[in-house]
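Quick notes on the structure that follows.
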Amino acid sequence: MRITIKLLYLMMLSILASLLIVNCKSVNTDSNNNASSSASNEGFNKFYKRFHADSTLQMSRIKFPLNGISADGNGEIKWNKKNWKFMKIKIYDVDKKQFKVYFKKTNKPFTQKLWIENSGFYPKCRFKLTDKRWYILYFLDQKV
């Protein structure tokens, strides 16, 4: 009788272990599917580096008219293809001794700002993941 109860417990434990293993494989498969779907999105770091090095790519990732303005003591100008100035310097490479720097990256938007205290110099831009590609959606270039 004791052997039968032990056998029953062993069988139940092996069934539970089998179920756990099957469930773990199912969870791993689901997480792999999510990883592959997000892998099809363009990686921000690679995009950001290319954006600042390749003017053709940069122009292709701006949907004009771009939200934001270029503002100086003489007035404000809306951005268009003719007055766009190629962005060369990444926020990570800005001289932090001269400029204050802020950037925030989440899954979809990336916001960056830099400024000089009490100077009126305050560029700000925002990138966003749209249709699996990164675009610049807003740029304020303020020098007042």
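Each reported figure results from applying straightforward, stated rules to the coordinates on display, with no laboratory input. No experiment lies behind these values; they were computed from the predicted model shown. Virtual Cβ from ideal backbone geometry, glycine too; neighbours counted across all protein chains shown.
I need the shape label for region 44-144. Rule: rounded when a/c is under 1.5, else prolate if a/b > b/c, else oblate, with a, b, c from the alpha carbon gyration tensor. Judged from the Cα gyration tensor, region 44-144 comes out oblate (a/c at least 1.5, b/c at or above a/b).
Placing a label point 7 Å from the Cα of SER55 along the Cα-to-Cβ direction, the residues of region 70-109 whose backbone N falls under 16 Å of that point are 80-89.
Full extension of the chain segment joining PHE64 with ASN107 gains 13.1 nm, where the gain is 0.36 nm per residue of separation less the Cα-Cα distance.
With R₀ fixed at 30 Å, the C-beta to C-beta distance from TYR122 to ASN41 puts the FRET efficiency at about 0.50.
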